[in-house]
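Data first, discussion second: the structure below is written as structure tokens.
The values are calculated or read from the model by the stated rules, or taken from the named source; none is laboratory data. Given the structure is predicted, the values throughout are model-derived calculations rather than measurements. Glycine gets a Cβ as well: all are built from the backbone with ideal geometry, and neighbour counts include every protein chain shown.
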Amino acid sequence: MPYVLDTNVFVRLSNHNDAQREVAINAVRILRERNEDLYYTPQILSEFWNVCTRPTSARGGLGLTTEQTERKARLIEKYCQLLPDSLATHQNWRRLVSAHSVMGVQVYDARLAASMNTYGIQQILTFNTEDFSRFAAITAIHPKDIK
């Protein structure tokens, strides 16, 4: 089964001090051993770049240089497939935010759900499973539940 890997999975993989890093590593390792197709979106890579280059003094920032972040982004691109944005993604997003009365930062989760719907991918690996509970076509799986 194909999976989208949420930003928070990539951030934990990149943060050697994160208590959940091993959970993320194990989940991705198992999915790769099963030859599952792993995906990311332009939004996920943008969010990842934001967190990586944000100062450690700021909320959740890793304080990495752009060069360090570039190396990590290349690994994402090497091991995962891009789901490019399209008109269909935009139209799905518009439908979802209206149908589910999505507000505030939750619009970003709706955008991921829209991309997944566009490409027919139903599973997202995320540490924030509740963020996707409103989207019936999406199954959010916590990395600890990958066995």
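Can you pull out the residues in the range 112-130 that are of a type in the set (Val, Ile, Thr) and not in a loop (DSSP other than H, G, I, E, B)? Listed by number, the residues that qualify are 118, 124, 129.
Taking the criterion of being touching a strand residue (DSSP E or B) at 6+ places or on another chain (Cβ under 9 Å), in a loop (DSSP other than H, G, I, E, B) and surrounded by 13 or more Cβ atoms within 10 Å (Cβ to Cβ), the residues of the range 131-147 that qualify are 138, 142, 146.
Looking only at residues in the range 25-42 that are buried (at least 17 other Cβ atoms within 10 Å of the Cβ) and either modelled with pLDDT under 95 or more than 13 Å from residue 79 (Cβ to Cβ) (or both), the one that is farthest from the chain's Cα centre (by Cα) is 27.
Residue-level analysis places residue 126 among those that are of a type in the set (S, T, N, Q), at pLDDT 95 or above and within 16 Å of residue 45 (Cα to Cα).
Would you pick out the residues in the range 82-106 that are loosely packed, with under 12 Cβ neighbours inside 10 Å and within 16 Å of the chain's Cα centre (by Cα)? Residues satisfying the conditions are 84, 105. Is it the case that the range 107-119 has a residue that's at pLDDT below 95 and either under 16 Å from residue 7 (Cα atoms) or within 12 Å of the chain's Cα centre (by Cα) (or both)? Checked against the condition, which is being at pLDDT below 95 and either under 16 Å from residue 7 (Cα atoms) or within 12 Å of the chain's Cα centre (by Cα) (or both), the range 107-119 yields no hits at all. Residue 11 falls short on exactly one of the conditions (1) under 12 Å from residue 125 (Cβ atoms); (2) buried (at least 22 other Cβ atoms within 10 Å of the Cβ), and that condition is (1).
When the range 107-119 is limited to residues that are in contact (Cβ under 8 Å) with a residue 60 or more places away in the chain and out of contact with any strand residue (DSSP E or B) (no Cβ under 8 Å at 6 or more places or on another chain), the one that is surrounded by the most Cβ atoms within 10 Å (Cβ to Cβ) turns out to be 111.
Of the helices (runs of 4 or more DSSP H) entirely within the range 1-98, none holds at least 3 residues that are in contact (Cβ under 8 Å) with a residue 12 or more places away in the chain and of a type in the set (D, E, K, R).
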